[in-house]
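Student: Please find one structure pasted underneath; my questions will follow.
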Amino acid sequence: GWSGNVEPFDSRFATLIPGEVAMLLGLFEVFFRDDRFELTASLQSSPMVIHARLEPQCTPLGIMHEVDVGEGGIGWFVIPRLGVIGQAVIGDCVYSLKGTTAYHDHNWGHWLWGQDFSWEWGFGHLSDMETAWTVVFDRTLNRARTRVLESTLALWQGESLFRIFSRHEISVRPTGYSTPSR
């Protein structure tokens, strides 16, 4: 099943440390120290607590130039494969997170939701007996999805960034759409 919630908190309980990956948001904490992320999360509305260490297992990728979107711009940084050690406590059940993988990305810039842009994004982890493969795809478009602003397909083999395919090397063709009720 699925468990979780979106919980508001008073902005007085938010702390961001400039120049570091360090954030306290109510009962949530994220820090980057000793070459790994440390995450603690606790929900107030349901019995859920997570504590995990996430260690990068591949070279990060940064699209350091901002892509023009709407009346602003957006930049992007990704560490697409992290090894996870920790546990999640949900109700009376304790779940080990050892041996799982995670994904981290970060966007920055100045843009307004609802302006003339959209994006498509996805990632995948594949591990065979010899090599871990990771793939990340992103495509930024105008809101109508008729004009591509940026697209990237990146492939990692183990720790190493194996290949980056850029906008002119990628062809995307939709094969169907979901039709939501509203």
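Student: Cβ-Cβ below 6 Å, separation at least six or inter-chain, first residue in region 27-46 and in contact (Cβ under 8 Å) with a residue 40 or more places away in the chain, second exposed (fewer than 14 other Cβ atoms within 10 Å of the Cβ) and of a type in the set (A, V, I, L, M, F, W, C): which pairs?
Tutor: Close Cβ pairs (under 6 Å, with a partner that is exposed (fewer than 14 other Cβ atoms within 10 Å of the Cβ) and of a type in the set (A, V, I, L, M, F, W, C)) do not exist here.
Student: Also, quick follow-up: Taking only region 104-123 into account, find how many residues are touching a residue at least 24 places away in the same chain (Cβ under 8 Å), over 23 Å from Thr59 (Cα atoms), open to solvent by 80 Å² or more (accessible area, probe 1.4 Å) and assigned to a strand (DSSP E or B).
Tutor: 1
Student: Going by what's in this entry, would Gly70 be described as touching a Pro at 6+ places or on another chain (Cβ under 8 Å) and either touching a residue at least 60 places away in the same chain (Cβ under 8 Å) or more than 19 Å from Gln157 (Cα to Cα) (or both)?
Tutor: no
Student: While we're here: Restricting the search to region 3-45, which residues are within 29 Å of Asp92 (Cβ to Cβ), among the small types (Gly, Ala, Ser) and surrounded by 10 or more Cβ atoms within 10 Å (Cβ to Cβ)?
Tutor: Within region 3-45, Ser3, Gly4, Gly26, Ala41, Ser42 qualify.
Student: Looking at region 73-121 only, could you name the residues that are small (Gly, Ala, Ser) and closer than 19 Å to Gly158 by Cα?
Tutor: Correct list: Gly83, Gly99, Ala102.
Student: Scan the strands (runs of 3 or more DSSP E) fully inside region 1-83 and keep the ones with 3 or more residues being at pLDDT 90 or above.
Tutor: The strands (runs of 3 or more DSSP E) meeting that bar are 28-33, 36-42, 48-56.
Student: Please state which one of Thr140, Thr134, Thr101 is within 13 Å of the chain's Cα centre (by Cα) and in contact (Cβ under 8 Å) with a residue 24 or more places away in the chain.
Tutor: Answer to the selection: Thr101.
Student: Can you name every residue in region 124-162 that is open to solvent by 40 Å² or more (accessible area, probe 1.4 Å), of a type outside the set (A, V, I, L, M) and over 26 Å from Val69 (Cα atoms)?
Tutor: His125, Ser127, Asp128, Glu130, Trp133, Gln157, Glu159, Ser160, Phe162
Student: Here's a follow-up. From the list Phe37, Phe28, Phe77, which one is in contact with a Ser or Thr (Cβ under 8 Å, 6 or more places away or on another chain) and among the aromatic types (Phe, Trp, Tyr)?
Tutor: Phe28
Student: Counting only residues that are among the aliphatic types (A, V, I, L, M) and open to solvent by less than 30 Å² (accessible area, probe 1.4 Å), which one in region 46-64 is farthest from the chain's Cα centre (by Cα)?
Tutor: Met48
The values are calculated or read from the model by the stated rules, or taken from the named source; none is laboratory data. Everything quoted here is computed from the prediction, not taken from an experiment. Positions of Cβ are backbone-derived with ideal geometry, glycine not excepted, and every protein chain shown enters the neighbour counts. Side chains are part of the model used for accessible areas, which takes the heavy atoms of the whole protein and leaves out ligands, DNA and RNA. Shrake-Rupley method; radii C 1.70, N 1.55, O 1.52, S 1.80 Å.
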